[in-house]
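Engineer: The structure is given below, and queries will be raised subsequently.
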Amino acid sequence: MKGSLGLQQTDLAADIGVSKAAISKFLASGSRHQGLSADNEAKVMVAFNAQIARIEAHKAGAADALADLDEARQVRTARAANDIKPSEIISFKQILAGIALGEGTNDAETPTKVIVEPRGSLAVFAINYLERDADDRIQSILENGTAPASIVVAPINGGTSSFLNRVYDYARNMENCCVVMVNLDVAFAAGEKLTQVEIFGAVYRAIGMPLDLLQGDAHDMKEAFRRWAEMAWTRFARVVVVIDGLDQLFKLAGSITDPLALVNWLSELRYSAARGAPPFKRLVLVTAFSGKSWSAAHASPYATQASELRLEKLTETDVVELFRLLDVSTDKYDPKHVYELFHGHPYLTHLYAWDIRSGKDFEEATERALEIESDYESHWERMKLEISFLIGRNYVLKDLFKAVLLQTDNLNDKSSNQKQMEDIWRKYGRSLREFGLIDGNLREPTVCRFYLHAIRVETKLV
């Protein structure tokens, strides 16, 4: 709670004259397990309520709302006022009222953890978010600046947005850190005609650059951004820019004169951060591509020099842990069967586990998955769309799927042109592996039962 309000435990402890540990103890459990005397508890309550009053006044445009704070606290409070929603302020007031009545808070540092349906990106308070190696690595990157730029790579629907939500949340709760999220997936409509000015303008606005500085052509805006950042970012120990959906630019390539322009600008930022140029030496860039598929983007200096944060598919042990997090007992499913069905694809495994949790038995859940309906169908359509974009007009989907079947010894169609199939595999096999459609390696690829069935239905080879 305190991070969202722009308060820091260190400041509270200094103001009240107690240890930071005592503040932490109080925030973790409320007045059911007090770490403060009654007088000091009252002082903490006054501090929180005063901060909420400042935020509400700042939102209302009161010029003197932050006058009684030092510069660092003014910055944090102003940022909180920009980020926090009215509903969140109401929630904070309810939490404080509960503490005052001695009701505790369950954990006042973070929202209450709940099980969340696997639809879209998982909220940061989802119990059923399964951490992977990238979650450990990103903490070191954010705290220590060990990589100025990182690319998140995952299968299609492999959890990049859920992961980036956690990157944003973790950075937001760091001491003296400025963090912004740019979501290009929702910034532009499909088929929209775009200019470089519109693209850079959308990114700069999301980063926080004032509208009156967004003048001139793309080059003018870049220069204005650099001057603005040199003033706005100097006060922070770390600046984190998270960009989701960067590959959207390449899907809109027909409407954009140069889709690599933004990627090349990110490369400039990464270079400035790497050589320690102020204020960019404080900068950490975290971006995501779907499936690491767009060769033009990944051939750029930005992509080749960025650290890779790979969100791998789940292991069989991970599958068991996911079912446990969803409160599904092991007597309701067979881990080996589930792993064989999806090869650990995070989203598909999650959908299956949710069906079991919702009351379907083992056979019903399997039948629903193999019928490729509802959310399974949405995923399969997304996979086909990404593959269609990948191959363009060079081949048709049916031929590509036949090439996959041929490589995995699942093709009994003698009418297929084997030379063409091998050519398709040579060109696109690696990208299909990045998409998550195939597993293993390119010499010995495998396909999970779900994808194999979907491919056979698509090619009418069932």
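Engineer: Scan segment 157-186 residue by residue and report those that are outside any helix (DSSP H, G or I) and small (Gly, Ala, Ser).
Structural biologist: Of the residues in segment 157-186, the ones outside any helix (DSSP H, G or I) are 157-159, 173-186.
Listed by number, the residues that qualify are GLY158, GLY159.
Engineer: Here is a follow-up. Can you give me the number of residues within segment 330-346 that are open to solvent by less than 40 Å² (accessible area, probe 1.4 Å) and within 23 Å of PHE435 (Cβ to Cβ)?
Structural biologist: Of all residues in segment 330-346, those open to solvent by less than 40 Å² (accessible area, probe 1.4 Å) come to 333, 335, 337-338, 341-346.
Those still in the list that are within 23 Å of PHE435 (Cβ to Cβ) too: 338, 341-346.
Here the count works out to 7.
Engineer: Would you call ALA224 in a helix (DSSP H, G or I) and touching a residue at least 40 places away in the same chain (Cβ under 8 Å)? Step through it out loud before you land on a result.
Structural biologist: On the way: in a helix (DSSP H, G or I): yes; touching a residue at least 40 places away in the same chain (Cβ under 8 Å): no.
Answer is no for this residue.
Engineer: Please verify whether segment 402-421 includes one or more residues that are at pLDDT below 90, closer than 27 Å to GLU308 by Cβ and among the aliphatic types (A, V, I, L, M).
Structural biologist: No, every residue in segment 402-421 fails to be at pLDDT below 90, closer than 27 Å to GLU308 by Cβ and among the aliphatic types (A, V, I, L, M).
Engineer: Within segment 287-301, does at least one residue satisfy the condition of being surrounded by 15 or more Cβ atoms within 10 Å (Cβ to Cβ), outside any helix (DSSP H, G or I), in contact with a Ser or Thr (Cβ under 8 Å, 6 or more places away or on another chain) and modelled with pLDDT of 90 or more?
Structural biologist: Yes, there is a match, as at least one residue in segment 287-301 is surrounded by 15 or more Cβ atoms within 10 Å (Cβ to Cβ), outside any helix (DSSP H, G or I), in contact with a Ser or Thr (Cβ under 8 Å, 6 or more places away or on another chain) and modelled with pLDDT of 90 or more.
Engineer: Moving on to the next point. Among (1) in contact with a strand residue (DSSP E or B) (Cβ under 7 Å, 6 or more places away or on another chain); (2) part of a helix (DSSP H, G or I); (3) under 23 Å from TYR271 (Cα atoms), there is one condition SER140 misses while meeting the rest; what is its number?
Structural biologist: (1)
Engineer: While we're looking at this one, here's another question. Here's a check for you: in segment 304-317, which residue that is in contact with a helix residue (DSSP H, G or I) (Cβ under 6 Å, 6 or more places away or on another chain) and not in a loop (DSSP other than H, G, I, E, B) is farthest from ARG433 (Cα to Cα)?
Structural biologist: Only one residue fits best here, namely GLU316.
Engineer: Now, a different point. Condition check: of a type outside the set (A, V, I, L, M), open to solvent by 80 Å² or more (accessible area, probe 1.4 Å) and modelled with pLDDT under 80. Does THR112 satisfy that?
Structural biologist: Working: of a type outside the set (A, V, I, L, M): yes; open to solvent by 80 Å² or more (accessible area, probe 1.4 Å): yes; modelled with pLDDT under 80: yes.
It is true that THR112 is of a type outside the set (A, V, I, L, M), open to solvent by 80 Å² or more (accessible area, probe 1.4 Å) and modelled with pLDDT under 80.
Engineer: On to the next question. Which one is nearest to SER358 (Cα to Cα) among residues in segment 115-148 that are small (Gly, Ala, Ser) and over 15 Å from the mean Cα position of the chain (by Cα)? Give the steps one after another, and end with the answer.
Structural biologist: Keep residues of segment 115-148 that are small (Gly, Ala, Ser), which gives 120-121, 123, 126, 134, 140, 145, 147.
Applying the additional criterion that residues be over 15 Å from the mean Cα position of the chain (by Cα) yields 140, 145, 147.
On the way: SER140: 38, GLY145: 43, ALA147: 42 Å.
The qualifying residue nearest to SER358 (Cα to Cα) is SER140.
Engineer: Of all residues in segment 318-329, which are open to solvent by 40 Å² or more (accessible area, probe 1.4 Å) and either in contact (Cβ under 8 Å) with a residue 40 or more places away in the chain or out of contact with any helix residue (DSSP H, G or I) (no Cβ under 7 Å at 6 or more places or on another chain) (or both)? Explain how you work it out, then say what you get.
Structural biologist: Taking segment 318-329 as the starting set, the residues that turn out to be open to solvent by 40 Å² or more (accessible area, probe 1.4 Å) are 318, 320-321, 324, 327, 329.
Matches in segment 318-329: ASP318, GLU321, ARG324, ASP327, SER329.
This table checks each residue for (1) outside any helix (DSSP H, G or I); (2) over 21 Å from PRO155 (Cβ atoms).
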| site | (1), (2) |
| --- | --- |
| GLU340 | no, no |
| TYR347 | no, no |
| LEU351 | no, no |
| ILE356 | no, yes |
| GLY359 | yes, yes |
| ALA369 | no, no |
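Engineer: In segment 225-242, which residues are open to solvent by less than 40 Å² (accessible area, probe 1.4 Å) and either within 18 Å of LEU211 (Cβ to Cβ) or touching a His at 6+ places or on another chain (Cβ under 6 Å) (or both)? Even if it seems obvious, please write down each step before you answer.
Structural biologist: Taking segment 225-242 and keeping what is open to solvent by less than 40 Å² (accessible area, probe 1.4 Å), we get 225, 228-229, 232-233, 236, 238-242.
Matches in segment 225-242: PHE225, TRP228, ALA229, ALA232.
Engineer: Still on this model: Starting from segment 390-402, keep only residues that are of a type outside the set (Lys, Arg), then list their pairs with residues that are open to solvent by 80 Å² or more (accessible area, probe 1.4 Å) and at pLDDT 90 or above whose Cβ atoms are within a distance under 9 Å, requiring at least 6 positions of separation or different chains.
Structural biologist: ILE391/LYS427; ASN394/LYS427; TYR395/LYS427
Engineer: For ALA273, which of the numbered conditions (1) at pLDDT below 95; (2) out of contact with any Lys or Arg (no Cβ under 7 Å at 6 or more places or on another chain) fails to hold?
Structural biologist: Failing condition for ALA273: (2).
Engineer: Going by the conditions given, is SER358 open to solvent by 20 Å² or more (accessible area, probe 1.4 Å), among the hydroxyl-bearing types (Ser, Thr, Tyr), farther than 25 Å from LEU130 by Cβ and at pLDDT below 95?
Structural biologist: Details: open to solvent by 20 Å² or more (accessible area, probe 1.4 Å): yes; among the hydroxyl-bearing types (Ser, Thr, Tyr): yes; farther than 25 Å from LEU130 by Cβ: no; at pLDDT below 95: yes.
Judged against the criteria, SER358 is not a match.
The values are calculated or read from the model by the stated rules, or taken from the named source; none is laboratory data. Values in this document were obtained by computation on a predicted structure and should not be read as measured data. Please note: Cβ atoms are built from the backbone with ideal geometry, for glycine as well, and neighbour counts cover all protein chains shown. Heads up: the accessible areas ignore ligands, DNA and RNA and are worked out on the full protein's heavy atoms, side chains in. Shrake-Rupley method; radii C 1.70, N 1.55, O 1.52, S 1.80 Å.
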